[in-house]
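Visitor: Handing you a structure now.
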Amino acid sequence: MPIYEFGCPSCGGVTTELCKIGEKGAQLRCEECGNTGLIKHISGFASLGVRGGAGSGNCSPGCSGNCAGCH
Ligand SMILES: [Zn+2]
């Protein structure tokens, strides 16, 4: 199961929760202040791969950041 982070719009606290795919954070409570209606952040493996460097987000997986021969 994926791990999601839920941000609290009230206090800014982050609650980490194991969730089923597609589950929303509406039923969760903030660990800090008890507020409900947390907002789901994307975390974990979702950011794996194409990231960093000078990439603009559409680089090929092997791009080292200078995009030579990439696009
Ligand atoms: Zn909170």
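Visitor: Do you know which residues across the range 1-21 are in a strand (DSSP E or B) and surrounded by 14 or more Cβ atoms within 10 Å (Cβ to Cβ)?
Guide: Going residue by residue through the range 1-21, those that are in a strand (DSSP E or B) are 3-7, 14-18.
Y4, E5, F6, G7, V14, T15, E17, listed by residue number.
Visitor: What single numbered condition from (1) at pLDDT 70 or above; (2) within 16 Å of the ligand (Cβ to nearest atom) fails to hold for L18?
Guide: Against the list (1) at pLDDT 70 or above; (2) within 16 Å of the ligand (Cβ to nearest atom), L18 comes up short only on (2).
Visitor: A follow-up question, please. Just for the range 25-37: of the residues that are open to solvent by less than 90 Å² (accessible area, probe 1.4 Å) and more than 8 Å from the ligand (Cβ to nearest atom), which one is modelled with the highest pLDDT?
Guide: Taking the range 25-37 as the starting set, the residues that turn out to be open to solvent by less than 90 Å² (accessible area, probe 1.4 Å) are 25-26, 28, 30, 33-37.
Within this subset, residues satisfying the condition of being more than 8 Å from the ligand (Cβ to nearest atom) are 25-26, 28, 36-37.
Values: G25: 56, A26: 62, L28: 84, T36: 89, G37: 86.
If we take residues in the range 25-37 being open to solvent by less than 90 Å² (accessible area, probe 1.4 Å) and more than 8 Å from the ligand (Cβ to nearest atom), then T36 is modelled with the highest pLDDT.
Visitor: Quick one: is G52 of a type outside the set (K, R) and either touching a helix residue (DSSP H, G or I) at 6+ places or on another chain (Cβ under 6 Å) or modelled with pLDDT under 70 (or both)? Talk me through it step by step, then tell me what you get.
Guide: Details: of a type outside the set (K, R): yes; either touching a helix residue (DSSP H, G or I) at 6+ places or on another chain (Cβ under 6 Å) or modelled with pLDDT under 70 (or both): yes.
Spelling it out, G52 is indeed of a type outside the set (K, R) and either touching a helix residue (DSSP H, G or I) at 6+ places or on another chain (Cβ under 6 Å) or modelled with pLDDT under 70 (or both).
The values are calculated or read from the model by the stated rules, or taken from the named source; none is laboratory data. As the structure is a computational prediction, the values presented were derived from the model and not from experiment. Note that we place each Cβ from the backbone using ideal geometry, even for glycine, and neighbour counts take in every protein chain shown. Quick note on the areas: whole protein, heavy atoms, side chains included, nothing else; ligands and nucleic acids left out. Shrake-Rupley method; radii C 1.70, N 1.55, O 1.52, S 1.80 Å.
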